[in-house]
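A short write-up of the structure that comes next.
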Amino acid sequence: MPITPDLLDRLAARLGPGGFSTDPDVLAPHLREWRGRIQGVSPFLAMPGDTAAVADVVRLCREAGAAITPQGGNTGLVGGQIPDGEILLSLKRMNRIRSVDPANDSLVAEAGAVLAVVQEAAIQADRRFPLSLGSQGSAMIGGLISTNAGGVHVMRFGMMRELVLGLEAVLPDGRVLDALSPLRKNNTGYDLKQLLIGAEGTLGVITAAALKLAPAPRQHVVAMAGVTEPGHALTLLHAVRGQVEGLSAFELMNRQSIALALSRVPGLREPLALAPPFTVLLEFETTGSEPLEDNVEAVLADMLETGVIVDAAVSRSQTQAREFWRLRESLPEGHRTGAAQVNLDISVPVSQTPAFIAAGDALGRRMVADARVVAFGHMGDGNIHFSVLAPDAAPHDAFPYHPLQEALHDLAVSLGGSISAEHGIGVARKDELLRFKDPVALDVMRTLKAALDPQRLMNPRALI
Ligand SMILES: Cc1cc2nc3c(=O)[nH]c(=O)nc-3n(C[C@H](O)[C@H](O)[C@H](O)COP(=O)(O)OP(=O)(O)OC[C@H]3O[C@@H](n4cnc5c(N)ncnc54)[C@H](O)[C@@H]3O)c2cc1C
């Protein structure tokens, strides 16, 4: 890869002090994937402070034939943000909220703005930005858009794609694409921002986005309900949706996922006395004045009476609501045990989630001795994070990583599902993408990549 001292000198001169680093200690946290599974290398960390500087970095690299890996908060779970020798382009200094327009229900944020900061800016304007996920204290707008992130409110507000009104991006040839308009209706040809959403940095560098805001909720209730099997969770989902306004999250957690989190994350508490085989976290948020808590209690009482659920608890305060959410958000940490494991981010039609969990559980136990099967996630939109863990002491080299992953992906696809619901493809799922993606779709993706980035300099190892 032609990264010469001359290129590094040019980049350094353009970016100035504070705009770059070659110090291994500064680079180190940018080169390590969150779970420690991928260790990258890069000779140079570019940290441009504005769009013009991003464009110049891209142009200088293009002239030298040097590749770039864009990076936001480095919370991606498929490794697309970790360079393997490329120039690392961090957006973290481009973190301003450029404008807020409450009357248009929109705000414009730079790519390096952290999601939690964007959420807070919306609250200050008496609005909300409804994207919400466990990594929101670190994940950045550019990364969230590039992975088309999902999270816990997709069933009500959609994925990141549905929350982006406009984009500004630097294309692989260094030109700035100004599609930052916050219009809801704009039928003037190809909707180019859609190309960059979910492109994982392979078609350009996102520098800013116009985001869609929603009304601020006035009432907020979080509940936990226990069920003996996922099919009952499905019945609960439809009953609740039909009877109470404002369901915004429906998160399923199996016993194993909760048990691991309780044993490994300090300060968590079992939410339901019965410790049922499956627990569902339900969140309701409304802007109106109907008696939300009463309505939630009534539907849960009804479900208890008919035997759909076996236990329930409704939050009595914001502190208790946060405690319920903390358990859910601690589940990924729970199985970072160092045990050999396969972790999936599959989706199936919501109706097929019980079938996937039952068959996946049986498969995991058949292929791994003394397997621990972890299933949790966004059941309200059919997205289950499914893991099979060997016992902690079991040797890693005996773990059937690839056959098990393939068998579980085959299962999801046979049920009409996808091998990647929300984390993307990155470098970790490229082989599986080739196995399952429609050949015509793959061909169109390659054509688009070749048209916009003929030298393959933008995140060349990710996605396609
Ligand atoms: C605890 C935890 C919980 C999570 N929960 C969820 C969840 O519920 N839902 C979900 O969808 N994800 C979840 N994730 C995954 C992750 O947070 C998301 O994928 C997030 O969108 C990544 O944002 P980031 O800023 O960290 O991007 P990074 O990890 O830095 O980058 C991700 C990808 O985007 C590219 N990229 C980054 N910035 C830009 C840019 N400005 N322009 C072009 N390309 C760019 C990178 O090259 C890479 O390919 C979770 C992760 C963790 C650690």
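Each reported figure results from applying straightforward, stated rules to the coordinates on display, with no laboratory input. Please read all numbers here as calculations on a predicted model, not as lab measurements. In this analysis, Cβ positions are derived from the backbone assuming ideal geometry, glycine residues included, and neighbour counts consider all displayed protein chains.
Numbers at a glance
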{"read-out": "nm² value of the averaged projected area, convex hull over the Cα atoms of region 286-380", "value": "8.8 nm²"}
{"read-out": "Per-q log10 I(q)/I(0), region 366-410, q = 0.21 Å⁻¹ (Debye; single scatterer per alpha-carbon; no solvent)", "value": "-0.76"}
{"read-out": "Rg followed by Dmax, in Å, when region 59-99 is reduced to its Cα trace", "value": "12.4, 36"}
{"read-out": "Convex hull volume per residue in cubic angstrom - Cα atoms of region 371-464", "value": "133 Å³"}
{"read-out": "Region 207-264: C-alpha gyration tensor shape, a/c 1.5 cut-off, then a/b vs b/c", "value": "oblate"}
{"read-out": "Cleavage-rule hits (trypsin sites (Lys or Arg not before Pro)) in region 207-284: DSSP loop, at most 12 neighbouring Cβ within 10 angstrom", "value": "ARG218, ARG269"}
{"read-out": "Taking the chain and dividing mean pair separation by its residue count, relative contact order in percent (alpha carbons under 8 Å, at least six apart)", "value": "15 percent"}
{"read-out": "Kirkwood-type radius of region 1-125, with distances r between different C-alpha atoms, in Å", "value": "15.5 Å"}
{"read-out": "Under 10 Å, Cβ to Cβ, from GLU168 - net charge with Lys/Arg +1 and Asp/Glu -1", "value": "0"}
{"read-out": "Positive minus negative residues near ALA210 (Lys, Arg vs Asp, Glu; Cβ under 12 Å)", "value": "-1"}
{"read-out": "Rounded Å value of the spacing that divides the Cα centres of region 416-464 and region 230-286", "value": "34 Å"}
{"read-out": "Top positive-direction residue, dipole computed over region 74-211 with Cβ charges, set VAL205, ASN148, ALA103", "value": "ALA103"}
{"read-out": "Relative contact order of region 1-159, defined on C-alpha pairs under 8 angstrom at six or more residues apart (%)", "value": "19 percent"}
{"read-out": "Cβ-based net charge around ARG96, under 14 Å, with every Lys or Arg adding one and every Asp or Glu removing one", "value": "-1"}
{"read-out": "Overall Cα dimensions of region 27-93, principal axis frame, Å, largest first", "value": "33, 23, 18"}
{"read-out": "Protection proxy ranking of 14-20, 456-462 - average other beta-carbon atoms within 10 Å, highest first", "value": "456-462, 14-20"}
{"read-out": "For region 324-432, the Rg and Dmax computed from alpha carbons only, in angstrom", "value": "13.4, 37"}
{"read-out": "Alpha-carbon radius of gyration plus Dmax, which is the widest Cα pair, for region 200-330 in Å", "value": "16.9, 55"}
{"read-out": "P(r) tail fraction, region 97-186 - alpha-carbon pairs more than 23 Å apart, %", "value": "19 percent"}
{"read-out": "Dipole axis of the chain (+1 Lys, Arg; -1 Asp, Glu on Cβ), positive-most option in VAL265, LEU236, SER418", "value": "SER418"}
{"read-out": "SER99 long-range amide H proximity, modeled H, under 5 Å", "value": "VAL108"}
{"read-out": "Helix 230-243 vs. the chain, principal-axis angle (Cα, 0 to 90°, nearest 10)", "value": "90 degrees"}
{"read-out": "Two-decimal Rg/Rh across the chain, once Rg and the Kirkwood Rh are taken from alpha-carbon atoms", "value": "0.98"}
{"read-out": "On Cα atoms only, tilt of 51-64 relative to the major axis of the chain in degrees", "value": "60 degrees"}
